[in-house]
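Report on the structure given below.
The values are calculated or read from the model by the stated rules, or taken from the named source; none is laboratory data. Please read all numbers here as calculations on a predicted model, not as lab measurements. Ideal geometry is used to build each Cβ from the backbone, glycine not excepted, and the neighbour counts take in all protein chains shown.
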Amino acid sequence: MEAILQIMVVLLLARILSEVSERAGLPGITGEIAAGFLFALAFRPDNIETFTFMGELGAIFLLFTAGYREVHVKDLKAASINALIPTFFQIFFAFTFGFMLGNMYGFSFLESLFMAVAFSPTSISVVVKTLIDTDYLSSKPGSLMLTSAIFDDIIGLFLLTVVISVVTFQHLPSVIDLLRIGGNIMAFAIVMAIMGWKVFPALFGQIQKMHTKEALFSFVILIALFCAYMAEAFGLHAVIGAFFGGVLISDLPIAKIEAVQKKVSGIAYGFFTPLFFAFIGLSVEIEILYTASTFAVLVIVLALTGKLIGGFIGTKLVGYSSKDSLIFGIGMMPRAGVELVVIAIGKELGIISNELFSAIVLMVIVSIIVSPILLEMSIRYKERGLKVPEQPTV
């Protein structure tokens with residue numbers, strides 16, 4: 001009964017503070033993280049096993065829903081060529097800054113690697129919301145930002161897969177180990193491709209004929225859990241399977257019926273993911289942030305500037321103007337979902353210290369507050385420069 005009460009209180013706090021955040025112009029996850037933090041501060045729960053399990057499910061549904069609703073294979077094919085170079089540069093700089101900072105503070109190789117991976121992705125949801133608010137989504141830099149943010153998450157999950165495999169061996173993998181890692185990833189990809197190409201379309205064709213109430217919705221959820229399980233069976237992490245499961249059914253018209261999408265979003269964003277973000281907040285130790293203030297500031301600065309510098313250079317190389325390159329670089333700065341999944345896994349595996357965990361959570365919060373403001377300012381700066389002064393009348 002205590003677990004039910006705890007979940008009820010945390011979910012209530014998450015909904016209230018999420019609403020407060022959104023009314024203040026911030027993403028709702030800011031309030032959800034704050035809910036977990038305040039709950040831990042007020043009640044100091046000794047047993048958080050329930051939250052740990054719910055947090056794992058939240059991470060699975062967060063990544064599944066991202067793949068199911070936000071990633072479209074056909075769109076990726078169309079926009080992939082232009083986005084490759086900018087994506088590579090902004091990930092390279094962010095990854096390098098993260099790894100160098102870890103070495104500077106004497107972290108282990110694995111902890112530095114996890115920090116570098118956590119620096120790499122960009123939040124799709126924060127980018128999309130800001131681009132919509134500024135009416136910039138359909139612009140050339142806006143389309144590039146969206147595609148690059150999607151690639152960021154995919155590459156970030158791939159890097160996470162490799163890092164988790166390295167953790168398994170507890171040392172730098174040999175050639176044979178690398179071949180084994182690559183073989184597991186390849187085997188998983190082949191199995192998932194076959195499922196997405198043949199099995200899932202046929203399965204949904206049969207499900208559509210069923211008379212059982214909510215059969216289609218149930219099977220979408222089952223695919224999320226099945227793909228998460230399959231990833232673990234191949235030695236990968238469950239969230240990786242969930243993400244690719246969502247991508248595989250994202251282009252199936254039967255699986256993407258609007259009513260089903262709304263129900264999937266409802267269970268994901270209405271229940272599981274708020275508990276995941278609250279779990280992140282619950283895991284933050286404020287005392288560590290007090291003693292590690294310089295480190296936390298460096299994490300924030302390097303994580304954000306890595307994206308800005310890399311994005312600026314990458315877009316300049318493919319022919320964008322300085323102003324568009326600045327807009328793109330700023331647009332790549334916000335973090336949210338995948339980064340928090342990465343550090344949650346790192347902490348679960350006992351690799352990431354409480355100091356690093358808390359600093360990255362703080363970086364995520366700062367990024368989703370600062371980035372939209374800077375992006376809007378940079379767009380306005382560009383638009384002011386495009387205005388042609390009126391000719392004086394004679």
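A few comments on the model shown:
- Near pairs, Cβ below 8 angstrom, 6+ apart or cross-chain, from segment 234-255 (hydrophobic (A, V, I, L, M, F, W, C)) to any residue that is assigned to a loop (DSSP other than H, G, I, E, B): Val247/Val71; Ile249/Ala255; Ile249/Lys256; Ile254/Gln208
- Residue list for segment 11-33, filter: surrounded by 14 or more Cβ atoms within 10 Å (Cβ to Cβ), modelled with pLDDT under 90 and of a type in the set (A, V, I, L, M): Leu26, Ile29, Ile33
- Applying the criterion of being outside any loop (DSSP other than H, G, I, E, B) and β-branched (Val, Ile, Thr) to the residues of segment 239-254, the residue that is surrounded by the most Cβ atoms within 10 Å (Cβ to Cβ) is Val239.
- Among the residues of segment 91-111, the ones that are among the polar types (S, T, N, Q) and at pLDDT 90 or above come to 2 in all.
- Considering segment 355-378, the residues that are closer than 20 Å to Lys140 by Cα and crowded, with 24+ Cβ neighbours inside 10 Å include one that is modelled with the lowest pLDDT, namely Pro372.
- Residues in segment 34-74 that are over 16 Å from Val341 (Cβ atoms), within 19 Å of the chain's Cα centre (by Cα) and at pLDDT below 75: 2 in all.
- Annotation for segment 323-343: at least one member residue is in contact with a Phe, Trp or Tyr (Cβ under 8 Å, 6 or more places away or on another chain), of a type in the set (Lys, Arg) and either surrounded by fewer than 19 Cβ atoms within 10 Å (Cβ to Cβ) or outside any helix (DSSP H, G or I) (or both).
- Every condition in (1) without any contact (Cβ under 8 Å) to a residue 60 or more places away in the chain; (2) within 20 Å of Val163 (Cβ to Cβ) is met by Phe226 except one, and the failing one is (2).
- Condition broken by Gly350, with the remaining ones in (1) surrounded by fewer than 16 Cβ atoms within 10 Å (Cβ to Cβ); (2) part of a helix (DSSP H, G or I) satisfied: (2)
- Residue match in segment 203-220 (condition: assigned to a helix (DSSP H, G or I), under 25 Å from Phe158 (Cβ atoms) and under 23 Å from the mean Cα position of the chain (by Cα)): yes
- Qualifying positions in segment 27-57 - out of contact with any helix residue (DSSP H, G or I) (no Cβ under 6 Å at 6 or more places or on another chain), more than 17 Å from Ala344 (Cβ to Cβ) and not basic (Lys, Arg): Leu38, Leu41, Ala42, Phe43, Pro45, Asp46, Asn47
- Just so you know, in segment 255-282 the residues that are assigned to a helix (DSSP H, G or I) and among the basic types (Lys, Arg) include one that is surrounded by the most Cβ atoms within 10 Å (Cβ to Cβ), and it is Lys263.
- Scanning segment 248-276 for residues that are in contact with a Pro (Cβ under 8 Å, 6 or more places away or on another chain) and either of a type in the set (Asp, Glu) or farther than 17 Å from Gln208 by Cβ (or both) gives no hits.
- Of the residues making up segment 104-115, those that are outside any loop (DSSP other than H, G, I, E, B) and surrounded by fewer than 15 Cβ atoms within 10 Å (Cβ to Cβ) are Met104, Phe109.
- When Lys307, Lys316, Lys347, Lys323 are screened for being within 23 Å of Val162 (Cβ to Cβ), modelled with pLDDT of 85 or more and in contact with a helix residue (DSSP H, G or I) (Cβ under 9 Å, 6 or more places away or on another chain), only Lys307 passes.
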